[in-house]
Amino acid sequence: MASGSQIDPLVERVERLLVRYEELQRTNALLAEQVDLLTQERDSLKSRLSAARARVDALLERLPDLNTPA
């Protein structure tokens, strides 16, 4: 029975490691989902920024040039 008592702590440790591994897998999946959402949000914001810059540039083009005499 001595070998059984030596194996029990090892079995418990392996079970704890498996539980921790499953927790880490779930956490990793949630983090990957957050990264995907943030990437989409970033891309959307970059697109909106680009459109806003284009509108500002178009408005600047419509302004009269102050360096030339009227």
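Read-outs: derived from the displayed coordinates by stated rules, not from any lab. Quick caveat, the model's predicted, so the values are computed rather than measured. All Cβ positions, glycine included, derive from the backbone under ideal geometry; neighbour counts span all protein chains shown.
Couple of notes before you dig in:
- In this rough spin-label picture, where each label sits 7 Å from Cα along the Cβ direction, the residue 52-residue 6 distance is 6.9 nm.
- Principal-axis analysis of the Cα atoms of the chain puts helix 2-62 at an angle of about 0° to the longest axis.
- Each eigenvalue of the Cα gyration tensor of the chain, multiplied by 5 and square-rooted, gives one semi-axis; in descending order these are 67, 9, 4 Å.
- Calculated FRET efficiency for the pair residue 13/residue 38, C-beta based, R₀ 25 Å, to 0.05: 0.10
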